[in-house]
Structures are given as C-alpha cells and as structure tokens.
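Visitor: First the structure, then my questions, so here it is.
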Amino acid sequence: MNIREEILSNVRKIVIKIGTRVLTNDDGLLDKNRIMELSEQVFKLRLRGFSVVIVSSGSIGAGISALGLQKRPSILPELQAAAAIGQGKLIEVYNECFKKHGYHAAQLLLTRQDFEDRQRYLNACNTLHALLRFKAIPIINENDTISVEEITFGDNDILSALVTNLLRADLLILLSSVDGLCTTPPTPGKSCRVLSVVDSISDDIKKLAFKQKTKEGVGGMQSKLEAANIATGSGEAVIIANGMQSEILSKIMNYDNVGTLFVPYNKKITSRKRWIGFTVKPKGKIYIDEGALGALQKRGKSLLPSGVIKIDGKFVKGDVVSIVEVGGNREIARGLINYSGDEVRMVKGLRTSLIKKTLGHKPYDEIIHRDNIVLL
C-alpha cells in the first residue's frame, strides 16, 4: 500500500476548493460545462459515500463579466457590487447542475467574524452537518458584499482550510489551474516537474511558491501552502491538483498519482484547539525565554509569568495570543490568555507567588494553561 492509498483510504469527509480560473473561460465568463463536469464528479463521490463540501470562488469574476468590465475593480464598493451580482449567478449554475441528480446547492456566505466568534463558529458547523445529512451540497464563499480588509480571509484557499478545520474533514482538495506544486515556475505550454508528496512544509518547500497568479484570482501558490499548513497542522491531508483535468476528483480518490499530496501531522487535534491554534487571529504576542520554550515544547507545561520576556499588542483575558521564541522571533504556539496585556506586563518575569502581591489578585497561576495552548 503506497502513502496515497494509506492516507486516502481513511477519508470520509472532503472539502473541495475550486479556484476562479477553473470555473471561468478565457473571457472571464463562467464556464458552465466545466462546472457541470465538476458537479458530476462531486455527485459520484456522494454515491460512494463521501460527504462533500465545496468552497467556490468565482462570484466577483462572474459579476465583472456580467457588468462588462474590462478588469477587476480596485475600489472596494465596486468589488462588493460585482460580488453581489455574481454570487447569484454562481449559485444558480451550481443549483442547476446538482438539481439533475436530485440534490440542492446550499449557499453559505461567511466572513472572518463567523470564525472568530466561538458561538457563530459552532452555529456554522451545526448548519453544515445538518446539510450533509440532507441531499444537499454546501457551496461556501466569502461574503464579499460586506467584507472589509479587517475581516477578510485574503482568498478562498485560507477559507477552505478553515472550513476543513471547522468540519474536521479528512481531506482538503485545492483545485487550481496548475498540476500541483512545481519545482520550477509554471510556464504556459510547458510542463514542469510536480512534487508527488510533501511530508512537511519546510522553508525549502515555501520557496517553491513562485509569485504567479491569474488575473481573475486573488491567491497563488503561497496562499495554497498557507492553507495546506493550517490543514495538515490539524491532522488533515491536502492535495493541490489541476481542476481542468478530466475526472480529477475520481482520480484523486482512486489513489492515482495526480497533484501534490501534503501529508498530515500524525496526531489530530480537538475542535476547540483547532479554533485556538488555526482559526482565530491572535490579538498580541508574548515573547518567552528558552526555559519556557522547553517547558512548553518538551514537557507540555503551562506558560508561567517567570518565562515571559516581553509582550506586544493589546489584549484582554480570553483572547488568543501568539507565543514567540524571543531568540529566533519564531511563533511556536498560540493560546488563550488568562490575563490582560497590562496585567502580563506587570507580572512578566516574576514567580507565580508574586502575582497576587503585584496585581492585588491571583485568579490563575498560569499566564496560559497547557490545556489552552496549541503548539505550531
């Protein structure tokens, strides 16, 4: 049994992200034939017993085409207007395709706030699981009509990774216009060597994120590697493959050597720790010394005030913060903080016994308890 079969034979729940370039033709118009073909493949996966969720780009591109614009607007209200027009057209095509098989296309539009707020996060999770019990295919996109810079995901690659974590899906498939992670910059009309398997997203692997993206799309290979890092860090597999290749989804789930497989970490983490470590944007940084670093990484201990060197940012009790190695300036973990930023500044470097004397109260011995720490 090769590594693809070993990993993919255990897959039951799949998130499929489809990029704008896959969904549109050279003129930027929605390619209904390709959407139909991909829908047929998704239907076949459902028949085989897989639960499938789609994260679909294309709404802004569809709106740009409908409006007859020559290029992507640079002004936020115009982008949002294009999304408002295009989103309806996009879901209409999906629904038309799935209706032939007796399925509904269920539209969910999400913003970063839906993931940041724990209750909204759980509500979205419950809705998706309910839809998967029905004859419905969830079609998720960012709510571009209301999103602003502070609450956007940046692109649907990151959104799809967060959805994978939300659902605890077993596999994230990123369908793009390239065959996978290439060792040289992809050039139209020329083939490049594609890595079949990536064991870990090292610095050398990150260097292969050549700065290329299509005129319709937002993300490139860099965002796909970021998405892969999020999903594999939680224990899920990721495949980057060419969505224009015939029967690509069937080939992937039949263990064919297509695309690039990113091997998941050995241990899956709980839903709550996924939320802490990979979903919420940190509100600040806590820099720790070598002793605290070893206690966290090697002994699974909590973070105490004595190990804190300095902090950056403003945060309150219950916020997620980054834990950074002060020497290498490297983020090594994230966690839920027990004290406000001002309080941590007052007790940093002190023994636990001095917390009450310094602050006048001591609700916790730990700055961050080990149960609320996720190592990265």
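Read-outs throughout are calculated quantities, based only on the coordinates presented, and are distinct from any laboratory measurement. Just so you know, these numbers come straight off a predicted model, no measurement behind them. Backbone-built Cβ (ideal geometry, glycine too); neighbour counts: all protein chains shown.
Visitor: Which of the lysines could a cross-linker bridge to LYS362, judged by Cα under 24 Å and excluding same-chain residues fewer than eight apart?
Guide: Those lysines meeting the cut-off are LYS283, LYS285, LYS301, LYS310, LYS314, LYS317, LYS348.
Visitor: Quick one: which residues, 5 or more positions from ALA105 or on another chain, have an amide H under 5 Å from its amide H? H modelled 1.01 Å from N in the peptide plane, none for Pro or chain starts.
Guide: HN-HN under 5 Å from ALA105: ILE137.
Visitor: Okay, moving on. I need the Debye-formula profile for the range 282-375: one equal scatterer per C-alpha, no solvent, reported as log10 I(q)/I(0) at q = 0.21 1/Å, two decimals.
Guide: Values, matching the q order: -0.96.
Visitor: A follow-up question, please. Rounded to the nearest 20 debye, what is the charge dipole size of the range 282-375 about its Cα centre when +1 sits on each Lys and Arg Cβ and -1 on each Asp and Glu Cβ?
Guide: 160
Visitor: Placing unit charges on C-beta atoms (Lys and Arg positive, Asp and Glu negative, everything else neutral), compute the dipole magnitude of the range 53-169 about its Cα centre in debye, rounded to 20.
Guide: Working: 11 positive and 12 negative charges, 114 e Å.
For the range 53-169, the charge dipole is close to 540 debye.
Visitor: Moving on. Using mean Cβ contacts within 10 Å as the protection proxy, how do 166-172, 91-97 order, highest first? Walk me through the intermediate numbers first.
Guide: Working: 166-172: 23.0, 91-97: 18.7.
Top of the packing list down: 166-172, 91-97.
Visitor: Next up: Which whole-number percentage describes the relative contact order of the chain, with Cα contacts under 8 Å and a sequence gap of 6 or more? Walk me through the numbers on the way to the answer.
Guide: On the way: 743 pairs, mean separation 52.8, N = 376.
Value for the chain: 14 percent.
Visitor: Moving to a separate point now. Using a cut-off of 25 Å between alpha-carbon atoms, which lysines can reach LYS99, once sequence neighbours fewer than 8 places away in the same chain are excluded?
Guide: Within the straight-line cut-off, LYS99 pairs with LYS13, LYS17, LYS32, LYS44, LYS89, LYS135, LYS251.
Visitor: Mind checking which lysines have their C-alpha under 20 Å from LYS206, skipping anything on the same chain fewer than 8 residues away?
Guide: LYS224
Visitor: Compute the label zone of ASP312 within the range 273-288: residues whose backbone N is under 14 Å from the point 7 Å along Cα-to-Cβ.
Guide: 282-288
Visitor: Let me have the 222 nm mean residue ellipticity of the chain computed from DSSP H runs of 4+ only, each contributing -39500 (n - 2.57), with the sum over all residues rounded to the nearest 500.
Guide: Numbers: 15 runs with 139 residues, N = 376.
It lands at -10500 deg cm²/dmol.
Visitor: Something else: Cysteines without a disulfide-compatible partner in the chain, using Cβ under 4.7 Å as the rule?
Guide: CYS97, CYS125
Visitor: Another question, if that's okay. For a quick size check, give me the Cα extents of the chain along its three principal axes, largest first, whole Å.
Guide: Ordered largest first, the chain gives principal extents of 70, 50, 41 Å.
Visitor: Can you compute the charge dipole magnitude of the chain about its Cα centre, using +1 on each Lys and Arg Cβ and -1 on each Asp and Glu Cβ, nothing else charged? Give it in debye, rounded to the nearest 20. Walk me through the numbers on the way to the answer.
Guide: Details: 53 positive and 40 negative charges, 205 e Å.
Approximately 980 debye in magnitude.
Visitor: By DSSP, what percent of the beta bridges with both residues in the chain are antiparallel, rounded to the nearest 5?
Guide: Values: 20 of 52 bridges.
Here the antiparallel bridges make up roughly 40 percent for the chain.
Visitor: Arranged by the count of other C-beta atoms within 10 angstrom, fewest first, what order do TYR339, TYR287 take?
Guide: Working: TYR339 23, TYR287 19.
In increasing order of surrounding Cβ atoms, one gets TYR287, TYR339.
Visitor: Something else now. Rank-order 10-17, 253-260 by packing density, defined as the average count of other C-beta atoms within 10 Å over each peptide's residues, highest first.
Guide: Numbers: 10-17: 20.8, 253-260: 18.4.
Output ranking for 10-17, 253-260: 10-17, 253-260.
Visitor: Sort 273-284, 173-184 by packing, meaning the average of other beta carbons within 10 Å per residue, with the highest value first. Walk me through the numbers on the way to the answer.
Guide: On the way: 273-284: 19.4, 173-184: 21.8.
Per-residue Cβ counts within 10 Å, averaged per peptide and sorted highest first, yield 173-184, 273-284.
Visitor: Let me ask another. Hey, what angle do you get for helix 156-167 against the long axis of the chain, alpha-carbon based, 0 to 90 degrees rounded to 10?
Guide: 70
Visitor: If you add up the charges near THR127, with Lys and Arg at +1 and Asp and Glu at -1, over every other residue whose beta carbon is less than 13 angstrom from its beta carbon, what do you get?
Guide: My count for the surroundings of THR127 gives +1.
Visitor: Please name which of ILE137, ASN2, TYR287 has its Cα lying farthest along the dipole of the chain towards the positive end, using unit charges on Cβ (Lys, Arg +1; Asp, Glu -1) and the Cα centre as origin.
Guide: TYR287
Visitor: Separation of the range 257-291 and the range 221-253 by C-alpha centroid, Å?
Guide: So the separation of the two Cα centres works out to 17 Å.
Visitor: Of the options PHE315, ASN338, LEU354, report the single residue whose Cα projects farthest towards the positive end of the charge dipole of the range 282-375 (beta-carbon charges: Lys, Arg +1; Asp, Glu -1).
Guide: LEU354
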